[in-house]
1. Which value, in debye to the nearest 20, gives the size of the charge dipole of the chain about its Cα centre, when Lys and Arg are +1 and Asp and Glu are -1 at the Cβ?
2. Probe radius 1.4 Å, ligands and nucleic acids left out: which of MET21, MET302 has the largest accessible area, and how do the rest follow?
3. Could you pull the accessible area for ILE312 with a 1.4 Å probe, rounded to 10 Å²?
4. Show me, for region 187-197, the HN-Hα J-couplings you get by feeding each phi into the Karplus relation (A = 6.51, B = -1.76, C = 1.60, θ = phi - 60°), rounded to Hz, glycine and proline as x.
5. If you take the charge dipole of the chain about its Cα centre, with +1 on Lys and Arg Cβ and -1 on Asp and Glu Cβ, which of GLY345, LEU29, THR283 is farthest toward its positive end?
6. Give, as a single signed number, the net charge of other residues whose beta carbon lies under 13 Å from the beta carbon of LEU230, with Lys and Arg counted +1 and Asp and Glu -1.
7. Subtracting the Cα-Cα distance from 0.36 nm times the residue separation, let me have the gained length for GLN131 to ASP215 in nm, one decimal.
8. If you work out mean projected area of the Cα convex hull in nm² from the coordinates, which of (i) 22.0; (ii) 28.5; (iii) 18.1 do you get?
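The values are calculated or read from the model by the stated rules, or taken from the named source; none is laboratory data. If you're wondering where the values come from, they're calculated on a predicted model, not measured in any experiment. In this analysis, Cβ positions are derived from the backbone assuming ideal geometry, glycine residues included, and neighbour counts consider all displayed protein chains. Each accessible area value is taken on the protein alone, full model and side chains, heavy atoms only, with ligands, DNA and RNA left out. Shrake-Rupley method; radii C 1.70, N 1.55, O 1.52, S 1.80 Å.
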Amino acid sequence: MKGLSLFKQNGIRGKVGGQIMTPELALNLGWATGIALAKQGAKKVLIGKDTRISGYLFESALEAGLSAAGVDIYLVGPMPMPGVVYLTRTFNVQAGIVISASHQPFNHNGIRFFCGNGLHFSDELAHDIEQLLSSPLHCVSSKQLGKAHRISDAAGRYIEYCKGHFPAKYTLEGLKIVVDCAHGAAYHIAPNVFKQLGAQVICVGVSPNGVNINDGVGTLAMEKVCQTVLTEHADLGIALDGDGDRILLVNADGKVINGDEILYILAADALKRGDLKGGVVSTQVTNLSLALALKQLNIPFMVAQPGSKHIIEQLKRVNWQIGGDRSGHIVHLEHGTTGDGIVTGLLVLAAMCRQQCTLCELLRPYTRLPQVTYQSSLTSDGQDHIVNT
């Protein structure tokens with residue numbers, strides 16, 4: 001494993017049983033992470049996962065490696081990635097680990113790391129872990145082994161956290177919302193958030209069986225949620241991906257609202273409230289329509305390299321708050337350090353309540369332009385595709 005670069009995208013991801021995602025690597029990665037953190041005085045790590053059947057395997061291997069390094073483990077079970085980040089801060093642990101391959105099919109998985117402050121591992125810490133992977137694993141004494149704890153109320157804590165981002169003076173009563181959880185990590189979280197705020201919720205993709213995550217549902221398969229919105233005469237639809245950090249919306253006419261348009265809604269609403277800090281950061285493949293729509297409002301706009309890490313770095317560099325991409329990774333630094341599909345959905349719903357209008361009406365000034373984009377891994381066949389959006 002010497003020379004293996006694990007942290008180009010803040011972790012690893014691949015096909016289960018392939019070159020990278022093996023039980024052996026997870027065990028050694030848990031141990032190396034534990035040793036590197038222990039050098040900094042850290043003694044507690046929190047682990048969450050999505051609903052893939054392989055999550056049990058990698059959770060156990062990471063747990064064993066961390067325990068062998070003398071680090072305590074806190075297990076939260078299936079939990080959206082932003083939920084793990086939130087709980088990492090709440091429980092005052094030194095690091096959080098997410099076991100998920102996001103939008104990929106069930107036979108892939110990944111391991112992603114966060115510091116206790118909700119940010120990604122520093123380059124220095126990542127380098128230390130990679131160096132330790134080439135060392136033989138050794139176990140601390142039995143008396144020093146890390147202990148495992150299961151957090152039984154993790155889902156409830158995160159539900160309350162999400163609800164806290166919706167203004168208390170408003171309610172979702174009278175709204176019918178289709179919520180597609182992609183049979184992923186948000187299946188037991190997202191419906192409850194919107195129900196408890198008063199909405200009538202029609203659920204899609206909330207029956208995970210270990211192998212159906214992202215299968216015909218979620219942000220990469222919008223046909224199901226679009227059709228359900230039309231069939232149920234719903235006011236809107238919300239689609240998440242497997243780890244719950246990505247969101248796309250559907251208006252009452254069954255039309256998909258992409259990440260560019262969500263960014264416009266959030267920025268325009270913040271401007272109307274006098275609460276916009278700076279402008280908007282998106283990526284090099286964003287649709288020109290976003291830049292033009294923001295220009296009409298005199299909202300600054302800049303681009304970053306694709307990837308949430310680069311978007312967040314750019315936001316921090318210029319001290320702005322709102323960024324994201326067309327696929328639905330939306331970051332609002334006033335509300336969290338990572339993308340959060342549920343919270344983003346609530347922010348859009350809050351804008352609808354404040355302005356007393358529909359999703360369609362929020363986007364009336366926005367004109368989507370045609371675009372042809374080269375994108376990788378849009379489908380599960382492993383091929384690249386040209387898509388007209």
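1. 700 debye
2. MET302, MET21
3. 20 Å²
4. Values per residue, Gly and Pro as x: 4, 9, 10, 4, x, 5, 4, 6, 5, 5, 8 Hz.
5. LEU29
6. Overall, the nearby charge balance is -1.
7. Contour length minus the Cα-Cα distance gives 26.5 nm.
8. (iii)
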